[in-house]
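Report on the structure given below.
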Amino acid sequence: MYIHRHILYYLAMELHTRHPHLYASKAQRGLLCIRNLQTNRMHLAKGEDLASLIKTTRFTLDMGTYPHPVLQAEYEALGLELFSIEVYQRADDHEDLDSLLEASLERLKQEGASLY
């Protein structure tokens with residue numbers, strides 16, 4: 001029982017470390033990345049609350065109503081297991097999310113990343 005509690009504690013702390021946006025008391029702003037793990041193709045989205053954006057993105061993809069038709073079609077064909085939805089970049093309160101999104105997309109294009 002004692003070891004079991006330590007394992008659960010470790011797993012909980014690991015989640016806090018890997019996904020702090022899910023446990024933050026204040027909404028975190030920034031960019032979200034939806035990545036096709038098979039092709040490594042990426043789509044970036046911006047949001048004022050990353051935790052809510054992750055949930056909304058997952059819901060709309062599962063319901064077949066995500067606004068990007070090519071991404072939606074690949075998601076339906078391949079399934080959830082071959083996609084990751086994760087925080088790409090956090091933003092401060094004073095940062096403009098549109099400018100951050102444009103700069104990130106431009107940088108990814110220059111690096112040769114495959115984008116939706």
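The values are calculated or read from the model by the stated rules, or taken from the named source; none is laboratory data. Since the structure is predicted, the reported quantities are computational estimates derived from the model, not experimental observations. Note: ideal-geometry Cβ built from the backbone for every residue, glycine included; neighbour counts use all protein chains shown.
Couple of notes before you dig in:
- Complete set of residues in the range 35-56 that are in a helix (DSSP H, G or I) and surrounded by fewer than 19 Cβ atoms within 10 Å (Cβ to Cβ): Ala51, Ser52, Lys55, Thr56
- Residues of the range 57-72 classified as in a helix (DSSP H, G or I) and closer than 23 Å to Leu101 by Cβ, total: 9
- Hits in the range 80-116 (condition: exposed (fewer than 13 other Cβ atoms within 10 Å of the Cβ) and either among the polar types (S, T, N, Q) or under 16 Å from the mean Cα position of the chain (by Cα) (or both)): Leu80, Glu81, Ser84, Ser99, Gln110, Ser114, Leu115
- Odd one out for Leu32 among (1) in contact with a helix residue (DSSP H, G or I) (Cβ under 6 Å, 6 or more places away or on another chain); (2) part of a helix (DSSP H, G or I); (3) among the aliphatic types (A, V, I, L, M): (2)
- Whichever residue in the range 66-112 is of a type in the set (Val, Ile, Thr) and free of Cβ contacts under 8 Å to residues at least 60 places away in the same chain and, among such residues, is farthest from Glu48 (Cα to Cα): Val70
- Here Leu22 meets the list (1) farther than 20 Å from His94 by Cα; (2) of a type in the set (A, V, I, L, M); (3) modelled with pLDDT of 95 or more; (4) surrounded by 12 or more Cβ atoms within 10 Å (Cβ to Cβ) almost entirely, failing just condition (3).
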